[in-house]
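The structure appears below as structure tokens.
The values are calculated or read from the model by the stated rules, or taken from the named source; none is laboratory data. It should be emphasised that the depicted structure is a prediction, and the values quoted were computed from it without experimental measurement. Using ideal geometry, Cβ is built from the backbone for each residue, glycine included, and neighbour counts are taken over all protein chains shown. Accessible surface is based on the protein model in full, side chains and every heavy atom, while ligands, DNA and RNA are left aside. Shrake-Rupley method; radii C 1.70, N 1.55, O 1.52, S 1.80 Å.
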Amino acid sequence: MNQNVIVLNCGSSSVKFAIVDAQSGHANLTGLAENMGSHDARLSYKVAGEKHALSLPSGASHQVALAEIQRIIKAQPGEPIGVGHRVVHGGEKFKEAVVITQEVKQAIAHHAIMAPLHNPANLMGIESAEQAFPGLTHVAVFDTAFFQTMPEHAYLYALPKSLYRDHGIRRYGFHGTSHQYVSEVASDTLNIPYENINLITAHLGNGCSVAAIKQGQAIDTSLGFTPLEGLVMGTRCGDIDPSLPSILSKQLNKSMDEIDSMLNKASGLLGISEDSNDCRTLEEAALEGDANAQLALQMFCYRLAKYIGSYLVVAGPIDGLVFTGGIGENSSYIRTTTLAMLAHLGFTLDENKNLDARFGNSGNISAEGTPILVIPTNEEWMIAKDTQRLTSSTGA
Ligand code: ADP
């Protein structure tokens, strides 16, 4: 039976698209339009193993890219059963994926206050796809939904409570679709019913987060009100003294927006290495003896190990530790360095298995004791599965 779902991820400067078989997870088509609004806007896609690239007009808008994407999707054989949209912020309203209605769109627009770069772009993708595919059910899958099970003591900041009541200031978490996907795969791999499983999952890409999962439910995560809190990331600082932004603003005579941009775009691995935000580049430099690259990677692993240690307190005893995302799936260096810091907590690494589990290969890389799983993430499949489920339940 045809289970093909169009998956759209309309971001602030890029649009990712795919046609995914919700049953098998196989992507028949994958593509990316990037650098929207800039002079080198471009679009590339892969269908039946064949790569295609198009240049878009200089400064091409999202709408221009989406029109091109619709043309590419409509040229594929077979009718998709629905469209799944990745939406970054669902606030407290959305605890799971939903069929998109007028009310849902209004709520996504409302949550743009908390995700000003992402939610408006997500909404634009939804409205454009609704026009292109009017007969299909459209589903919103929220990055924050998986973390709606966090208890109050984990999601509140120790700020005046009125900020939460009146303005929704709290920790929401992000990357939920990825954490949920790898948790479900871990449950299958370890043969433990999902509702009984305790895990720590680390999604390490350009953005990074760790989640504590107890009995199949997220109980804590390192990203907060925005995707800046927690771990050291490619260009984001993660945890810092909360007094620093105002002190830096005065000392450097910069506006708060400029400081915000520094913390988001010029910090993390890039800020410390003074070279690159790219883990692979830094590993190569570190091996050649570059002290700044070595320090940046050391800080990345140190912060990660501290978070894993603290999540053992809240989720433990755990059934497994999971690595995913571009770094988590590929960097044996980051895994070795982090796990060496956690050796006294029951994690032992099999170095050969660690080297094998890269470049798309999954596996349990522990020598003994707590399983350490490398699981390639697949957010598109998770979105396709949610869309398929909601499409059938609405009888569409
Ligand atoms: P995004 O968060 O944008 O989806 P990814 O999940 O693709 O990003 O992760 C990108 C990160 O993964 C980069 O820092 C990149 O260097 C790192 N990475 C990819 N492959 C490797 C590798 N073989 N070794 C080390 N790091 C890698």
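Counted by Cβ distance under 15 Å from Ile69, the other residues give a net charge of +1, where Lys and Arg count +1 and Asp and Glu count -1. Find out how many positive minus negative residues lie around Thr221, taking Lys and Arg as positive, Asp and Glu as negative, among other residues whose Cβ is under 14 Å from that of Thr221. Result for the neighbourhood of Thr221: -1. Ordering of 119-130, 344-355 by packing is 119-130, 344-355, highest average first (other Cβ atoms within 10 Å, averaged per residue).
Put Arg358, Arg280, Arg171 in order of accessible area, highest first, and with a 1.4 Å probe you get Arg280, Arg358, Arg171. Report, in deg cm²/dmol and to the nearest 500, the calculated mean residue ellipticity at 222 nm for the chain, where each DSSP H run with n ≥ 4 adds -39500 (n - 2.57) and the sum is divided by the residue count. Using -39500 (n - 2.57) per qualifying helix, the result is -12000 deg cm²/dmol.
Using only alpha carbons, the chain has a radius of gyration to Kirkwood radius ratio (Rg to Rh) of 0.96.
Taking only protein heavy atoms and a 1.4 Å probe, the accessible area of the chain is 52% carbon and sulfur.
Taking Lys250 as the anchor, which lysines have their alpha carbon closer than 26 Å to its alpha carbon, excluding any fewer than eight residues away along the same chain? Counting by Cα, and skipping residues close in sequence, Lys250 has these lysines nearby: Lys265.
Counting Lys and Arg as +1 and Asp and Glu as -1 over every other residue whose Cβ lies under 11 Å from the Cβ of Tyr311, the net charge comes to +1.
Ligands, DNA and RNA aside, His26 has an accessible area near 110 Å² when probed at 1.4 Å. Using 0.36 nm per residue and subtracting the Cα-Cα separation, the extra length available between His39 and Leu295 on full extension is 88.6 nm.
A viscosity of 1.306 mPa s and a temperature of 10 °C, combined with the Kirkwood radius over C-alpha pairs in the Stokes-Einstein formula, give the stretch 191-379 a diffusion coefficient of 93 µm²/s. DSSP assigns beta bridges within the stretch 4-142; of those with both partners inside it, close to 75 percent run antiparallel. The slack between Leu244 and Met1, meaning 0.36 nm per residue of separation minus the straight C-alpha distance, is 81.8 nm. Taken over the stretch 1-158, the convex hull of the Cα atoms encloses 130 Å³ per residue.
With a ≥ b ≥ c taken as the square roots of the eigenvalues of the C-alpha gyration tensor of the stretch 122-209, please select rounded if a/c is under 1.5 and otherwise prolate if a/b is larger than b/c or oblate if it is not? Taking the square roots of the gyration eigenvalues as a ≥ b ≥ c, the stretch 122-209 is oblate.
Packing-based ranking of 238-244, 321-327 yields 321-327, 238-244, ordered from highest to lowest mean Cβ neighbour count within 10 Å. The alpha-carbon of Lys51 sits under 19 angstrom from the alpha-carbons of these lysines, leaving out residues fewer than 8 places away in its chain: Lys16, Lys74. Residue separation of Arg280 and Glu351 scaled by 0.36 nm, minus their Cα-Cα distance, works out to 23.7 nm of gained length.
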